[in-house]
1. Among (1) 23.6; (2) 22.8; (3) 21.8, only one was calculated for this model; which label is it, if the read-out is Kirkwood radius over Cα pairs in Å?
2. Taking the chain as the reference, fit the longest principal axis to its C-alpha atoms, fit the long axis of helix 133-142 to the helix C-alpha atoms, and give the angle between the two in degrees, 0 to 90, nearest 10.
3. What is the calculated FRET efficiency for residue 176 to residue 62, with r their C-beta to C-beta distance and R₀ = 41 Å, to the nearest 0.05?
4. For helix 115-131, report the angle its Cα long axis makes with the longest principal axis of the Cα atoms of the chain; keep it between 0 and 90° and round to the nearest 10°.
5. Can you tell me the order of 122-131, 41-50 when each peptide is scored by its average per-residue count of other Cβ atoms within 10 angstrom, highest first?
6. Can you show me the helix-derived [θ] at 222 nm for the chain, built from DSSP H runs with n ≥ 4 at -39,500 (n - 2.57) apiece and divided by the number of residues, rounded to the nearest 500.
7. Quote to one decimal, in nm, the extra length available between residue 279 and residue 300 on full extension: 0.36 nm per residue of separation minus the C-alpha distance between them.
8. Taking 0.36 nm per residue of separation and subtracting the Cα-Cα distance, what length does fully extending residue 48 through residue 8 add?
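All of the numbers you see were taken from the coordinates with simple rules; none came from a lab. Just so we're clear, the structure is a prediction, and the values are computed from it rather than from any experiment. Cβ atoms come from the backbone with ideal geometry, glycine included; neighbour counts cover every protein chain shown.
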């Protein structure tokens, strides 16, 4: 485990005399791109080495459900040219939880299928139609039998009259029975006519149709997708997929929307509004204070900061990435004072981790550091 992994961490370090505390978050990535997420806390006191623990909180791909801990000690290493070097051996205990089938399906709906996955599902769907058309349409509509996987699902229309007879997307059930030839997407593109025409082409020929359409998850916002469409007897059937870049666009929108809500609430002296952006057990690790866990503690911490004179804040998002039902992001912030604090300013970097919560996303972890004061 962890062989050939790359790590990216963001944290803060506090030093009071010889006592040092370091806290933050890490993302470890294997060569295939699957990731493990963790928090960490390390301490050092006079005469003792810097030591801490990583707490694994989940992952993506093969590491979904990854939990455990890893104890580590920072050991200085001598170099020939005097450059500071350190060895940080870890001793980890971990497990990967096996979720129930329903939980796995729920989690799977947040992951992104590929073009190859879409084609494989479509070929399987055509075979199912040929074997038993009525049964195939039933399982397509229910999303059963492997015909709803992550954001992939089957849809079919009748070549006789264009009516939609199957669609596995629960956010699009209203389209059943409608003439697909009349369908336009949110941008006004008449994609339905293209899908109908693609289904009339010779069997075994796959045609790509691009348009915007909502995913089958809780978020019903139309997003760009590409559907592969082919003939299946007297039906035209297709399976669409969403490119990873499209998922990253969605992640950036989620993070920027949350940053805007945070800024508006902060500048309105609304600590309660900011705390509501977190999950009930969310964690806030600011640059100059202890860890705050849960909405009540987070609200009190932010209210105290505002009362102390730090009344204005700006936030700029640098990047955001979606991995399954998790979004992580980085950026920078500026805190500005008022009254006796008016001439003071504090800058730093932050790292956010979001998790899916019902119809939206909430913060499960926010960590920040403070930039050194300018000379």
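1. It is the one labelled (1).
2. 20
3. Once rounded, the FRET efficiency stands at 0.65.
4. 30
5. The densest-packed peptide leads the list: 122-131, 41-50.
6. -7000 deg cm²/dmol
7. Answer, rounded to one decimal: 6.0 nm.
8. Extending this stretch completely gives an extra 11.8 nm.
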